[in-house]
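Notes follow once the structure below has been shown.
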Amino acid sequence: MVYTYYEIGRNIFEQEQEGKERAEYGTYLLEEVANKLTKKYNHGYSPDNLKLMRRFYVVYSQDKIRKTLFPRFADYPALPTGERFYLSWSHYLKLMRIDNIEERHFYEIESVQNNWSLSELKRQFDSSLYERLALSSDKQKVKQLALVGQQVEKATDIIKDPLVVEFLGLDEKTEYLESDLEKRIIDNLQKFMLELGKGFTFVGRQVRFTFQEAHFRCDLVFYNRLLRCFVLFDLKIGEIKHQDIGQMQIYVNYYDRCVKLPEENKTIGIILCKDKNDGVVEMTLPENNDQIFASKYQTVLPSKEELKRLIENQ
């Protein structure tokens, strides 16, 4: 269907170029084609839909870089022009509305690689995933987002700041406990793991361990298959304190020394907090830290405009 719509859009576009009075001719052409196709196929070919097909052709026929984005799908069916499509028509209706071509490439790549449904694509766009990853990356990494999507190769690649958890249904002004936050995450585990990103598998909640007669519980434990390491989460509903970082250091050290296998990589600890004091984090952790991180969580969708301004001012 997607290939058919692309070809219909191409035919309309090429026919329009022959019209002397483009606007008037274009309206007549769309109505004529809509009537013919509707008589033959019953529905789906209104003038408004034909306009979308025309725009689909215009956007993607001019997108030369996109043709090199999916090398592992080289054997996928293609048009004679070499154009390939991997998503549903509904996905492309959403993608076409993204004006920034690099951002559009990113969401198309991630949708294909992660098999996102349309609702998942919309949610990730509304949560400003592209901007949040761009804020967490250097300039070279930002360019890679538009060419290969999110790459998970080291600990910092899985850090999102902020982590958006609007799907938990926690009102910003409502008081709640850390146990409430944890329960909401477990109740919405699939969505939470989608927000975390690539490669995560769930291990357990309130995972207990003991040494020297002292008992500890880690709020959430995950394993990342791409990094081949455990990822520990400690949940804080208020401002992060240096004691929280020290506690996470104990968790990370325990997993590194007593749980992980020799061939696995170092454990990552993430303190998920409502309010992050960057100064406290910076002064508490060593300069060469590559294991413990603090990330804010946000219970409402962020402003794309504000995030874009932050990226521009980096």
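Bear in mind these aren't lab numbers, they're just calculated from the coordinates by the rules spelled out. Quick caveat, the model's predicted, so the values are computed rather than measured. Heads up, the Cβs are rebuilt from the backbone with ideal geometry, glycines too, and the neighbour counts pull from every protein chain shown.
Quick notes on this one:
- Taking amide H as placed 1.01 Å from N in the peptide plane, I270 has its amide H under 5 Å from the amide H of L232, F233, D234, F293, each at least 5 places away in sequence or on another chain.
- Cα lying deepest toward the dipole's positive end in the chain, options V207, V300, L121, charges on Cβ: L121
- Three-way shape label, the range 130-233, alpha-carbon gyration tensor, a/c 1.5: oblate
- Sparse-neighbourhood loop sites, GluC sites (Glu not before Pro) in the range 151-230 - DSSP loop, at most 10 other Cβ within 10 angstrom: E153, E172, E175, E213
- Where [x] 24.3, 87; [y] 21.5, 68; [z] 22.8, 77 are the candidate values, the label of the one calculated here for Rg and Dmax of the Cα atoms in Å is [x].
- Relative exposure of Y57, Y76, Y176, judged by other C-beta atoms within 10 Å (fewest first): Y76, Y176, Y57
- Listed residues L170, L261, F56: farthest to the positive end of the dipole of the chain (Cβ charges): F56
- Ordered by the count of other Cβ atoms within 10 Å of each Cβ, fewest first, T267, T27 give T27, T267.
- Computed [θ] at 222 nm, deg cm²/dmol, the chain (DSSP H ≥ 4; -39,500 (n - 2.57); rounded to nearest 500): -14000 deg cm²/dmol
- Burial ranking of peptide ranges 251-259, 59-67 (average Cβ count within 10 Å, highest at the top): 251-259, 59-67
- Less than 5 angstrom separates the built amide H of I98 from none of the residues sequence-distant by 5 or more or on a different chain.
- Residue order, fewest to most beta carbons within 10 Å, for V231, V300, V280: V300, V280, V231
- Ratio of the Cα radius of gyration of the range 158-302 to 2.2 N^0.38 Å, where N counts its residues: 1.01
- Charges were assigned to the Cβ only: +1 to each Lys and Arg, -1 to each Asp and Glu. The resulting dipole of the chain about its Cα centre is roughly 800 debye.
- Residue-by-residue Karplus 3J(HN,Hα) for the range 292-301, coefficients 6.51, -1.76, 1.60, Hz, glycine and proline x: 10, 9, 10, 9, 6, 10, 10, 8, 10, 5
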